[in-house]
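The values are calculated or read from the model by the stated rules, or taken from the named source; none is laboratory data. As the structure is a computational prediction, the values presented were derived from the model and not from experiment. For neighbour counting, all protein chains shown are included, and Cβ atoms are generated from backbone atoms with ideal geometry for every residue, glycine included. Surface areas here come from the heavy atoms of the whole protein model, side chains and all, with no ligands, DNA or RNA. Shrake-Rupley method; radii C 1.70, N 1.55, O 1.52, S 1.80 Å.
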Amino acid sequence: MEQKLREYAKLLIEVGLGVRKGQTLVLACPVECAFFARMCASAAYDAGAREVVMNWKDDCLAREKYLRASDDVFDTVPEWQKHFYNDYAASDMAYLAISATDPETLRGVEPDRLVRAQRSSAEALDPFYRRQMQNAFPWCIASVPIPSWAKKVFPGLNADDAQAKLWDAIFAAVRISGDGRAVERWQEHLSTLERRRDALNALHFKSLHYTNSLGTDLTIELPETHLWSTGGSVSTTGQRFIANMPTEEIFTAPLKTGVNGTVCASMPLVDNGNIIDGIRFTVRDGRIVDCRADRGEEFLRAAISVDEGASYFGEVALVPYDSPISNQSLLFYNTLFDENASCHLAFGEAYPECIEGGAQMERAQLQEKGLNYSITHVDFMVGTADLSIVGTLYDGREVPVFVNGNFVI
């Protein structure tokens, strides 16, 4: 186990971020995962990091705050927090976020508090989020188990056994077996993703049509100068990094006003510490005009009303149903994993890299090219074993992209 943990930490620092000599690592991590943060810090210093700066998180204190803090707290962001994120984002840094939280940590919190906190944070930390979306610095999100999360995934086991099972699932998802070959396996995996990305870019689709037995019947137009990307990215400073570890996706941006039809989620969504299940959207000219959910509908409606762009889509991601994460047949209750077990869409912000020259464009230019802007970006899963995706080319020809949930190109 010790060997696997150190291999994982090394993988995140050297492949997930590509930390270089003299660079500062900012590491956000739950207090429960301090042991793993220390391993990551050690691996970063081994790679020549100038300094490792910690930003600790705590589920229990977050819940206490949202339930009991004064109401005006959610409309402001402390000056020190603005400086922490914005100043480091403007420096030579790499950013690692350990995602490990109770899927229902904010159950019972008023949706209005969550929305207001998100809006105030987005405004105050806009320089940080802008630079992150533009890949101005390498960033990576990864996960390690905590008891409350593990028990949600494996409710029939005690806390220790549930955590052990979740560790096994995470190691499988990130291609760690303890033999020290994880970096080699990731290089092979990224090469496969890049070959498919190149094939999609060569086809240059005008639109995609999604259908399955859940009721999804959705047509997605793509910007004329769209580009497909993979989980492997390159920062504006030339560093290769992987924003999500694990990653199985190839993604692009939809034309903001070019999405029409009905789309049904295939898995529950965990958003802002609440579980939302049975999602169904009706979309017209890009805008979500109706939303339904069997559970957590009030949180879904809050999520798509954060700002004007939250009710439009910002990402189209292709993930084969036959993938290392999907084949585990687990619901992780963590979008980092669940989105990589299934084709997914996201409502909210589009990534600038998904359009030619986008990384160098200002916000207004990106919007003019048809990309959506929002302070939010929420992925939800739509892939199923019977998902069909048919692409239409500019000459009118139709090309199957997915048949029975998997790539055919």
Task: Surface per residue (accessible, 1.4 Å probe) for the chain, Å² - done: 41 Å²
Open item on the list: Taking all protein chains in place and a 1.4 Å probe, what share, in percent, of the accessible surface of the stretch 190-337 do carbon and sulfur account for?
Closed with: 44 percent
- [ ] Among the listed pairs K82/K369; K10/K152; K82/K152; K82/K151; K206/K369; K10/K65, give every one whose C-alpha distance is greater than 23 Å.
- [x] K82/K369; K10/K152; K82/K152; K82/K151; K10/K65
TODO: Could you tell me which of rounded, prolate or oblate describes the stretch 262-409, using a ≥ b ≥ c as the square roots of the eigenvalues of the alpha-carbon gyration tensor, with rounded for a/c under 1.5 and, failing that, prolate when a/b is larger than b/c and oblate otherwise?
DONE: oblate
Open item on the list: Between (1) 23.1; (2) 21.7; (3) 28.0, which entry matches Kirkwood radius over Cα pairs in Å as derived from the coordinates of this structure?
Closed with: (2)
Open item on the list: Please report the antiparallel percentage of DSSP beta bridges with both residues in the chain, rounded to the nearest 5.
Closed with: 75 percent
- [ ] Sum -39500 (n - 2.57) across every DSSP H segment of at least 4 residues in the chain, then divide by the residue count to get the 222 nm mean residue ellipticity, nearest 500.
- [x] -9500 deg cm²/dmol
- [ ] Give, as a single signed number, the net charge of other residues whose beta carbon lies under 13 Å from the beta carbon of Y45, with Lys and Arg counted +1 and Asp and Glu -1.
- [x] +2
Task: Within-10-Å neighbourhood charge of F137 [Cβ basis; K, R +1; D, E -1] - done: 0
Open item on the list: Shape verdict for the stretch 116-250, please, from the Cα gyration tensor: rounded (a/c under 1.5), prolate (a/b greater than b/c) or oblate.
Closed with: rounded
